[in-house]
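Visitor: I'd like to ask some things about the structure below.
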Amino acid sequence: MNLFDYVADRWDRLSLQAWLHVSEVVQSTIIAAVLGVLIGVAVYRSPIGSALATALASTILTVPSFALLGLLIPVVGLGATPTVIALVLYALLPITRNTIVGLGGVDPAIRDAARGIGMSRVGVLARVELRLAWPAILAGMRVATQMLMGIAVIAAYAKGPGLGGEVFSGLVRAGSANATNQALAGTLGVVILALLLEAVYFLIARFTVSRGIRG
Amino acid sequence: MADTENVSGVEIQLDNVTKRYPGSREPAVRDVTMTIPAGKIVILVGPSGCGKTTTMRMINRLIEPSSGTITIGGEDALRLNADTLRRKVGYAIQQAGLFPHFTVAQNISVVPGLLGWERGRINDRVDEMMDLVGLDPAQYRDRFPRQLSGGQQQRVGVARALAADPPVLLMDEPFGAVDPITRGNLQDELLRLQTDLRKTIVFVTHDFDEAVKLGDKIAVLGDQSTIQQYDTPEAILANPANDMVAGFVGAGASLKQLTLLRVRDVDYEDIALTAPADESPATLRQRMIEQNRTYALVLDQRRRPLRWVHVRALSTASSLTGAGTPVGDSVSTQSTLHDALEAILAEGGHAVVTGTRGEYVGMIDITTVTDTIKQLREEHEAGSAAS
Ligand SMILES: Nc1ncnc2c1ncn2[C@@H]1O[C@H](COP(=O)(O)OP(=O)(O)O)[C@@H](O)[C@H]1O
Ligand SMILES: [Mg+2]
């Protein structure tokens with residue numbers, strides 16, 4: 001059986017796994033974005049807080065994904081939960097860092113003008129600062145998503161959903177019938193999905209970044 | 001002069017206002033007391049770092065005073081909610097501080113929006129404000145700040161500050177970052193706006209010439225914002241209160257006084273021989289010989305000056321539009337005598353004066369200016385002898 005026949009034959013299962021893969025990555029990115037932006041907003045005014053938050057998030061990223069999953073399984077069990085927790089933790093660094101950089105890069109004169117004409121603190125944050133930092137935040141989310149697409153493969157180790165299962169069992173069964181096809185299908189699936197998400201990010205940027213600040 | 005009917009501004013009173021920044025030993029502003037009259041432009045001028053910005057920002061409480069009181073239109077500014085206060089005090093700063101992700105219309109709409117105006121009213125107001133500052137709404141409404149020149153951004157900044165019709169306008173070196181020609185235009189327009197609006201304007205600058213041009217009153221500030229002299233530009237130029245003020249006024253006080261006078265205030269005369277552009281060179285030549293003139297000024301259909309022609313050039317010229325030399329610098333009746341003097345010097349002794357629509361109204365020459373300087377000097381000598 002060649003790869004095409006294999007994919008056609010297993011289409012139902014592969015497409016379901018692909019869907020689950022994207023779904024867990026996207027959900028983890030969104031959770032991480034909410035957390036990352038909150039952390040960023042909390043610390044960006046303080047240089048020490050910013051350095052601390054960035055250092056912490058970097059430290060998480062240095063823990064190998066196998067090890068992190070291994071540590072999580074005894075605590076939260078197998079399945080989607082440890083996977084999502086691990087993915088969220090990994091996604092935090094690029095998003096938090098970019099939020100801090102984006103908010104810190106807002107011209108102080110603009111902030112001053114916003115306060116000066118009577119916007120409340122929350123108003124300045126929501127209508128001015130976050131809007132101006134948004135391209136950076138979105139870029140952080142994009143990097144996070146791409147990274148998570150790969151890391152989510154490893155999550156098969158914790159019996160998480162997604163294409164990782166295909167890649168792993170393909171590799172484990174190396175030599176037997178369709179083993180290569182299975183691993184290849186999983187890997188190519190991840191690559192194709194990553195490209196699709198890239199296109200989605202492009203569209204999101206197109207529709208949510210003001211033309212006044214688009215590069 | 002003293003009519004208060006159309007004044008939309010209110011008086012601002014600072015009493016013993018002091019600001020001490022945390023961590024610095026000396027206060028940045030020490031014990032300032034001053035009255036800023038309703039409907040006037042008051043300039044805070046002084047060297048960099050003397051505390052002008054700090055003083056101004058305490059009025060809208062971007063900086064909280066350490067002690068002292070500030071009242072705006074009789075209301076204690078320190079007891080109002082700061083955000084509410086700021087919505088009633090226009091604020092324009094250097095480089096405009098426009099929101100880059102908002103269009104021009106969105107920028108101008110911010111304060112009316114915060115005040116809960118209805119959409120339709122805000123839209124009308126945006127157009128009105130853009131007209132007021134000389135930007136065509138049809139063309140510029142939906143542009144983003146980065147698609148505007150520095151001068152246009154500054155106009156939008158002023159429109160945004162005035163959008164909710166605040167009685168008070170604070171301006172911190174608003175024209176500091178634009179080129180000198182644009183700055184001159186923006187200053188002229190601010191004065192034009194103010195004749196209708198009659199706001200109370202507090203204007204910070206370190207440029208004394210700008211202060212003289214714009215101010216109804218000027219406060220010359222020294223270190224820690226201490227008031228060295230607070231008076232009309234004329235009085236400060238004529239009688240600087242101390243060496244510091246004199247140093248700030250600088251050399252050429254009489255030249256500076258020329259920025260206080262406009263061409264419309266002095267005698268310019270309709271002395272040029274004018275000719276419509278479609279007159280034949282032969283008839284014009286005939287007229288010039290009859291009136292014993294060597295030069296004639298060619299005007300277009302709307303009587304705007306085009307060219308100077310010499311009588312000798314007319315014998316060979318086929319039409320007036322090609323003969324002679326183009327008119328160089330001209331001055332308008334709105335121009336300051338200072339600008340007029342420059343044009344006169346550039347043009348070699350006299351300059352064409354144009355009216356509000358650019359039409360020819362007369363000529364001004366160097367003796368008119370020197371006579372004016374002489375007259376001013378005599379008045380001041382009489383004035384300081386009396387005081
Ligand atoms: N936020 C601040 N914290 C501490 N010192 C400040 C702050 N802002 C201004 N200063 C100091 O206060 C003094 C007056 O500053 P400022 O009002 O900006 O002067 P100006 O506008 O006349 O140039 C300066 O010595 C400046 O260094
Ligand atoms: Mg300043």
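The values are calculated or read from the model by the stated rules, or taken from the named source; none is laboratory data. Predicted model, so just to flag it, every value in this text is computed and none were measured. Don't worry about glycine lacking a Cβ; one is built from the backbone with ideal geometry, like all the others, and counts go over all protein chains shown. When the accessible area is computed, the model is the full protein with side chains, heavy atoms only, and any ligands, DNA or RNA have been set aside. Shrake-Rupley method; radii C 1.70, N 1.55, O 1.52, S 1.80 Å.
Visitor: Is the stretch B:115-122 home to any residue that is assigned by TED's automatic domain parsing to the domain that holds B:Ala246 and within 16 Å of ligand 1 (Cβ to nearest atom)?
Guide: Of all residues in the stretch B:115-122, those assigned by TED's automatic domain parsing to the domain that holds B:Ala246 come to B:115-122.
Of the ones still in play, those that are also within 16 Å of ligand 1 (Cβ to nearest atom) are none.
Within the stretch B:115-122, none of the residues are assigned by TED's automatic domain parsing to the domain that holds B:Ala246 and within 16 Å of ligand 1 (Cβ to nearest atom).
Visitor: So is B:Gly73 in the same structural domain as B:Asp127 (by TED's automatic domain parsing), at pLDDT below 95 and within 16 Å of ligand 2 (Cβ to nearest atom) or not? Step through it out loud before you land on a result.
Guide: Numbers: in the same structural domain as B:Asp127 (by TED's automatic domain parsing): yes; at pLDDT below 95: yes; within 16 Å of ligand 2 (Cβ to nearest atom): no.
So B:Gly73 fails the test.
Visitor: Additional query: How many residues does the stretch B:186-215 hold that are open to solvent by 40 Å² or more (accessible area, probe 1.4 Å) and either more than 24 Å from B:Leu135 (Cβ to Cβ) or modelled with pLDDT of 95 or more (or both)?
Guide: Residues that pass the stated criteria total 3.
Residue-by-condition table, conditions (1) of a type in the set (A, V, I, L, M, F, W, C); (2) within 16 Å of ligand 1 (Cβ to nearest atom); (3) under 21 Å from B:Gln229 (Cβ atoms); (4) assigned by TED's automatic domain parsing to the domain that holds B:Leu197:
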{"site": "B:Val29", "(1), (2), (3), (4)": "yes, yes, yes, yes"}
{"site": "B:Val42", "(1), (2), (3), (4)": "yes, yes, yes, yes"}
{"site": "B:Gly49", "(1), (2), (3), (4)": "no, yes, yes, yes"}
{"site": "B:Met56", "(1), (2), (3), (4)": "yes, yes, yes, yes"}
{"site": "B:Arg61", "(1), (2), (3), (4)": "no, yes, no, yes"}
{"site": "B:Leu85", "(1), (2), (3), (4)": "yes, no, no, yes"}
{"site": "B:Lys88", "(1), (2), (3), (4)": "no, no, no, yes"}
{"site": "B:Tyr91", "(1), (2), (3), (4)": "no, yes, no, yes"}
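Visitor: Something else now. Out of all the residues in the stretch A:129-139, is one or more within 14 Å of chain B (Cβ to nearest Cβ), open to solvent by 40 Å² or more (accessible area, probe 1.4 Å) and not hydrophobic (A, V, I, L, M, F, W, C)? Walk me through how you get there before you give the answer.
Guide: So in the stretch A:129-139, the residues within 14 Å of chain B (Cβ to nearest Cβ) come out as A:129-138.
Cutting the leftovers down to open to solvent by 40 Å² or more (accessible area, probe 1.4 Å) gives us A:130-131, A:134-135.
Then keep just the ones that are not hydrophobic (A, V, I, L, M, F, W, C); that gives A:131, A:135.
Yes, there is a match, as at least one residue in the stretch A:129-139 is within 14 Å of chain B (Cβ to nearest Cβ), open to solvent by 40 Å² or more (accessible area, probe 1.4 Å) and not hydrophobic (A, V, I, L, M, F, W, C).
Visitor: Please go through the stretch B:162-182 and pick out each residue that is closer than 17 Å to B:Val45 by Cα and either at pLDDT below 95 or within 16 Å of ligand 1 (Cβ to nearest atom) (or both).
Guide: Step one: filter the stretch B:162-182 for residues closer than 17 Å to B:Val45 by Cα, giving B:169-177.
The answer is B:Leu170, B:Met171, B:Asp172, B:Glu173, B:Pro174, B:Phe175, B:Gly176, B:Ala177.
Visitor: Next up: I need the full set of residues from the stretch A:108-124 which are more than 8 Å from chain B (Cβ to nearest Cβ) and surrounded by fewer than 18 Cβ atoms within 10 Å (Cβ to Cβ), in order please. So that I can check it myself, show each step before the final result.
Guide: Step one: filter the stretch A:108-124 for residues more than 8 Å from chain B (Cβ to nearest Cβ), giving A:108, A:111, A:121-122, A:124.
Of everything in the stretch A:108-124, those that are more than 8 Å from chain B (Cβ to nearest Cβ) and surrounded by fewer than 18 Cβ atoms within 10 Å (Cβ to Cβ) turn out to be A:Pro108, A:Arg121, A:Val122.
Visitor: Among the residues that make up the stretch B:352-364, is at least one of them out of contact with any Phe, Trp or Tyr (no Cβ under 9 Å at 6 or more places or on another chain), of a type in the set (A, V, I, L, M) and under 28 Å from B:Ile236 (Cβ atoms)?
Guide: Here is the first cut: in the stretch B:352-364, the ones out of contact with any Phe, Trp or Tyr (no Cβ under 9 Å at 6 or more places or on another chain) are B:355-360.
Now drop any that are not of a type in the set (A, V, I, L, M), which leaves none.
Taking every residue of the stretch B:352-364 in turn, none turns out to be out of contact with any Phe, Trp or Tyr (no Cβ under 9 Å at 6 or more places or on another chain), of a type in the set (A, V, I, L, M) and under 28 Å from B:Ile236 (Cβ atoms).
Visitor: List the helices (runs of 4 or more DSSP H) inside the stretch A:118-215, counting only whole elements, that have at least 3 residues being under 21 Å from A:Leu14 (Cβ atoms), of a type in the set (Lys, Arg) and in contact with a Leu (Cβ under 8 Å, 6 or more places away or on another chain). Give the steps one after another, and end with the answer.
Guide: Numbers: elements: A:130-154, A:164-172, A:179-208.
The helices (runs of 4 or more DSSP H) meeting that bar number zero.
Visitor: When you go through (1) within 15 Å of ligand 1 (Cβ to nearest atom); (2) hydroxyl-bearing (Ser, Thr, Tyr); (3) surrounded by fewer than 22 Cβ atoms within 10 Å (Cβ to Cβ); (4) closer than 21 Å to B:Leu169 by Cβ one by one for B:Thr35, which number turns out not to apply?
Guide: For B:Thr35, the failing item is (1).
Residues are listed down the side, and each one gets a yes or a no for (1) more than 14 Å from chain A (Cβ to nearest Cβ); (2) touching a residue at least 12 places away in the same chain (Cβ under 8 Å); (3) farther than 29 Å from A:Ile213 by Cα:
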{"site": "B:Asp142", "(1), (2), (3)": "no, yes, no"}
{"site": "B:Gly151", "(1), (2), (3)": "yes, yes, no"}
{"site": "B:Ala161", "(1), (2), (3)": "no, yes, no"}
{"site": "B:Pro166", "(1), (2), (3)": "no, yes, yes"}
{"site": "B:Leu169", "(1), (2), (3)": "no, yes, no"}
{"site": "B:Ala219", "(1), (2), (3)": "yes, yes, yes"}
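Visitor: Within the stretch B:48-70, restricting attention to residues that are open to solvent by less than 50 Å² (accessible area, probe 1.4 Å), over 24 Å from B:Gln194 (Cβ atoms) and within 13 Å of ligand 2 (Cβ to nearest atom), which residue is farthest from the other protein chains (Cβ to nearest Cβ)?
Guide: B:Cys50
Visitor: Filter the stretch B:80-112 for residues that are facing chain A (nearest Cβ under 7 Å) and not in a loop (DSSP other than H, G, I, E, B); which is surrounded by the fewest Cβ atoms within 10 Å (Cβ to Cβ)?
Guide: Among residues in the stretch B:80-112 that are facing chain A (nearest Cβ under 7 Å) and not in a loop (DSSP other than H, G, I, E, B), the one surrounded by the fewest Cβ atoms within 10 Å (Cβ to Cβ) is B:Asp83.
Visitor: Kindly list the number of the only condition in (1) more than 16 Å from ligand 2 (Cβ to nearest atom); (2) in the same structural domain as B:Phe208 (by TED's automatic domain parsing) that fails for B:Tyr21.
Guide: For B:Tyr21, the exception is condition (1).
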